[in-house]
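Working notes, structure below.
The values are calculated or read from the model by the stated rules, or taken from the named source; none is laboratory data. Given the structure is predicted, the values throughout are model-derived calculations rather than measurements. In this analysis, Cβ positions are derived from the backbone assuming ideal geometry, glycine residues included, and neighbour counts consider all displayed protein chains. Note: areas computed on protein heavy atoms with side chains; ligands, DNA, RNA excluded. Shrake-Rupley method; radii C 1.70, N 1.55, O 1.52, S 1.80 Å.
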Amino acid sequence: MPGRGVESQQGSRQGVCEVTGVLERITYANEESGYTVARVDTGRGAGDLLTVVGSLLGAQPGESLRMEGRWGSHPQYGKQFTVDNYTTVLPATIQGIRRYLGSGLVKGIGPVFADRITTHFGLDTLDVLDESPARLIEVPGLGPKRVKNIMAAWEEQKAIKEVMVFLQEVGVSTSIAVRIYKKYGDASISVVRNQPYRLAADVWGIGFLTADRIAQAVGIPHDSPDRVKAGLQYALSQSSDQGHCFLPEERLIADAVKLLQVDTGLVIECLAELAEDPEGVVREVVPGPEGTPVTAVYLIPFHRAELSLAGQLRRLLGADEDRMPAFRDVAWDKALAWLADRTGASLAPEQEEAVRLALTRKVAVLTGGPGCGKSFTVRSIVELARAKKARVVLAAPTGRAAKRLAELTGAEASTVHRLLELKPGGDAAYDRDRPLDADLVVVDEASMLDLLLANKLVKAVAPGAHLLLVGDVDQLPSVGAGEVLGDLLAPGSPVPAVRLTRIFRQAQESGVVVNAHRINSGTPPRTEGLPDFFLFAEEETEDAARVAVDVAAHRIPARFGLDPRRDVQVLAPMHRGPAGAGSLNGLLQQAITPARPDLPEKRFGGRVFRVGDKVTQIRNNYEKGANGVFNGTVGVVTALDPVEQRLTVRTDEDEEVPYDFDELDELAHAYAVTIHRSQGSEYPAVVIPVTMSAWMMLQRNLLYTAVTRARKLVVLVGSRRAIAQAVRTVSAGRRFTALAFRLTGRTLV
């Protein structure tokens, strides 16, 4: 291969050298910055590989690279080459071509077929792929279908390479470049050059900041109205990620000025133009958190959903028809006696009230903490409804919660997404025009329902049907925008509700239940003398992380016989930091699914995926699986195919879902997850690192939510001071939402 091993001094630029070699493997890559650590074969022999660092955005193992940069030395890793820029050099020997094709660069060609293709075409192989790819059918074992797939993959790889070269100067990651190409195809470079802010709206993973960096690189002015409008919408989008449905106008303007570093007057002008744009924003005066009027600015989807959800709930509540008329004049004494005989237990008075409410009112809320009998109450409601031949539909926001609901009631339950059969784009198969065929719809873990999903759900409930929302309002609110359950329970809400408060005797024997209620009332948990609630006191964050991993991977499995992957979940207050979910996932993977010579793996960015890994989906993707795969779905990697460049995940809904390697940024490891991401799930055992390094996140409802995720066992690891802070810190302020106001039907004068 020409140039392999060449190291030439460039006289025109002092200290700049050129190195050419074959990229053997990437040992680390940051998908955001493009910073890469790789090993390159420069042809020096004896398996001697050179370490190169820098931006190798888009380079693939097996490619020959001509790299410009400087020599240096790392105190731990020794001599290395820092890359300033590189170009791809097509290999010119049969051995180089074989390695290039067999590297996994082209989907459908692994080492075996690379060997057959190069044996057949020799040095003409790359010319054949470029100019006469149909000739691949001549290669033994390559059928028409595989040839067609290889041809398509080769063309896509070439096109993506052009986009990569263009985007390399602005530091866009490999995975994002692939998504840009998939979205815009041959128009990719034109869109990036002329309409860069479209990327933030159209391409998942590109926010305003990345689009802004690209825009600056292609010459968009700093004070361009397009930039300011995109920045305003980005600020609103960021606030929705923090749970807000709108921002007060003054706060939005201040946030945008700080973000964009432009004059306030320009921001005000652009906001006025956005408010006139049918696809821009909506301004409306609503009550603020203190009850005083504020000018709220909404992204259009959230404004529509809030209006729609309030209107649909009021319509359900006021519907004349009733799909369960048998309960209007039922003899409740007889019905409850029959129920007690069937279930073997009597209901407490507040449980009886909840049963009556769910079966006689069109919309009702059942809330309460652990051990207060929510589950038994739901089972009782379902039993009575079925006894009167009512069609009952059960759902929950997550697969785990749906499974638990099905086990509890003995009836089929599904996720809300599957129930509604959400389609690509987010539209539901069931809505107001085609409602669910159900007399009673029961939704568990309703604290997880965000505004957009709640609106889709309520639209699909038929007039006259009953809707029961069940959840613990003291847990963290939904990950998505809104505070739906809290708004339905707000003072003045027309939605009837029952709050269960009595802890049943059996539950009083559980340290998990007792301590959950202690935390919720502002009292520190008991951590001694309980068989199911423990504290490993560690003041230093790094020590807490190490102990949490040991407890989850080794001590709990050894003492309690629980599977560390299936039964034990580490819940961290934050993603970042030494005791954050990100760092803990790396340590837990080493402990539970370590690298083995016989275990296939795929490195993607800074992560390595292996068969057996516990993973979670981190975005809604309506196009994957039978009915989409949604943010928070958990599964296990069951297969990994380097030739087809695909891995397969079996989700907690028992669905096998394939992921192409360029989609792996949709997956994260899930040995440890943030407490927010654990909502709606329940695990036999949870391990919770609580350290002062996470002090900004330490709040009562966060710790309460983490503890209530456990069925049998809680282990806290960290400092007593951090636990005490979490217990005494009440979450500051409500989210910006006007749903409670809209439910009343009142208007501001």
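Which percent of the accessible heavy-atom area of the stretch 108-167 goes to carbon and sulfur, probe 1.4 angstrom?
Working: 1770 of 3080 Å².
Exposed carbon and sulfur together represent 58 percent of the surface.
For Ser414, the amide hydrogen comes within under 5 Å of the amide hydrogens of Leu394, Ala395, Ala396, counting only partners 5 or more places away or on other chains and with H modelled in the peptide plane.
Pairs exceeding 27 Å between alpha-carbon atoms, taken from Lys334/Lys362; Lys374/Lys624; Lys374/Lys456; Lys362/Lys624; Lys158/Lys229; Lys229/Lys459: Lys374/Lys624; Lys362/Lys624; Lys158/Lys229; Lys229/Lys459.
The 3J(HN,Hα) values that the Karplus relation (6.51, -1.76, 1.60; θ = phi - 60°) gives for the stretch 143-148 are, in residue order, x, x, 5, 5, 4, 4 Hz. Gly and Pro appear as x. Centroid-to-centroid, using Cα positions, the stretch 234-292 and the stretch 484-557 are 37 Å apart. Take Val442: with every protein chain present and a 1.4 Å probe, its accessible area is about 0 Å².
Does the stretch 571-621 come out rounded, prolate or oblate, given a ≥ b ≥ c as the square roots of the eigenvalues of its C-alpha gyration tensor, rounded meaning a/c under 1.5 and, failing that, prolate meaning a/b above b/c? Taking the square roots of the gyration eigenvalues as a ≥ b ≥ c, the stretch 571-621 is oblate.
Per-residue Karplus couplings for the stretch 347-364, computed as 6.51 cos²θ - 1.76 cosθ + 1.60 with θ equal to phi - 60°, are listed in order as 7, 6, x, 6, 5, 4, 4, 5, 4, 4, 4, 5, 8, 10, 9, 6, 9, 8 Hz, Gly and Pro entered as x. By a 1.4 Å probe calculation restricted to protein chains, Met324 has an accessible surface near 10 Å², given to the nearest 10.
Quick one: grab the alpha carbon gyration tensor of the stretch 335-378, order the square roots of its eigenvalues as a ≥ b ≥ c, and give me rounded if a/c is under 1.5, else prolate or oblate depending on whether a/b is larger than b/c. Since a/c reaches 1.5 but b/c is at least a/b, the shape of the stretch 335-378 is classed as oblate. Per-residue packing, averaged as other Cβ atoms within 10 Å, sorts the ranges 658-665, 638-645, 513-520 into the order 513-520, 658-665, 638-645, beginning with the highest. Straight-line reach from Lys161: taking Cα to Cα under 18 Å and skipping same-chain neighbours fewer than 8 places apart, the lysines in range are Lys107, Lys182, Lys183. With the whole protein complex present, Lys229 retains an accessible surface near 50 Å², based on a 1.4 Å probe.
When the Cα positions of Gln216, Ala446, Ala387 are compared along the charge dipole of the chain, Ala387 comes out farthest toward the positive end, with charges on each C-beta of Lys, Arg, Asp and Glu. Under 5 Å between amide hydrogens, built in the peptide plane, is the criterion, and for Phe536 it picks out Leu716, Val717, Gly718 among residues at least 5 positions away or on other chains.
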